[in-house]
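No lab work stands behind these numbers, since they all come straight from the coordinates. Keep in mind it's a predicted model, so treat the numbers as computed, not measured. Note that we place each Cβ from the backbone using ideal geometry, even for glycine, and neighbour counts take in every protein chain shown.
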Amino acid sequence: MSKEIYQGTGRRKSSIARVLLSPGKGSFTINGKEYKEYLCRESLTILVKQPMNTVGTINDFDIMANVKGGGLTGQAGAIRLGISRALLKADNNYRGLLKSAGFLTRDSRRVERKKYGQPGARKKFQFSKR
């Protein structure tokens, strides 16, 4: 008798998260650490838990996330999308709730490239008449 495992992939900025959901008691690990220990900030822990709160399955699934690339905020966004996609595979009836909350949409914003003749993406060098 094997447990069902639901997999979801999430991306944000340059972060990629692979999330595995399995029926359990609600343990949550990211890269082998407890999620609160890994994410440090309270705002990021809330962000990552949002899909589970919306659907009401906080203690129904064990979550194991593997994430790499980017910073903590991008990684948290990638994990949130991965959890949402895995929840859809677990039960397709969650689609309406997750879609209306905006958890199934990938945030496509990225860092704009630096242009030549400028110190940054948008900033210009100081103008001098003479």
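A few comments on the model shown:
- Contact annotation: residue pairs with Cβ atoms under 6 Å, 6 or more positions apart or on different chains, pairing a residue in the range 60-76 that is within 15 Å of L39 (Cβ to Cβ) and free of Cβ contacts under 8 Å to residues at least 60 places away in the same chain with a partner that is in a loop (DSSP other than H, G, I, E, B) and of a type outside the set (V, I, T), are G70/K13; G70/S14.
Per-residue answers, yes or no, for (1) touching a Pro at 6+ places or on another chain (Cβ under 9 Å); (2) more than 17 Å from K89 (Cα to Cα); (3) among the small types (G, A, S); (4) in a loop (DSSP other than H, G, I, E, B):
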site: V19; (1), (2), (3), (4): no, no, no, no
site: K25; (1), (2), (3), (4): no, yes, no, yes
site: Y38; (1), (2), (3), (4): no, yes, no, no
site: V48; (1), (2), (3), (4): no, yes, no, no
site: I58; (1), (2), (3), (4): no, no, no, yes
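- Any hit, the range 62-71, residues being in contact with a helix residue (DSSP H, G or I) (Cβ under 8 Å, 6 or more places away or on another chain) and part of a helix (DSSP H, G or I): no
- Filter result for L88 (within 14 Å of I5 (Cα to Cα), surrounded by 12 or more Cβ atoms within 10 Å (Cβ to Cβ) and in contact (Cβ under 8 Å) with a residue 40 or more places away in the chain): yes
- Failed condition for I83, given (1) touching a Pro at 6+ places or on another chain (Cβ under 9 Å); (2) among the β-branched types (V, I, T); (3) surrounded by fewer than 16 Cβ atoms within 10 Å (Cβ to Cβ): (3)
- Meets criteria (over 25 Å from K25 (Cβ atoms), outside any loop (DSSP other than H, G, I, E, B) and of a type outside the set (A, V, I, L, M, F, W, C)) for G74: yes
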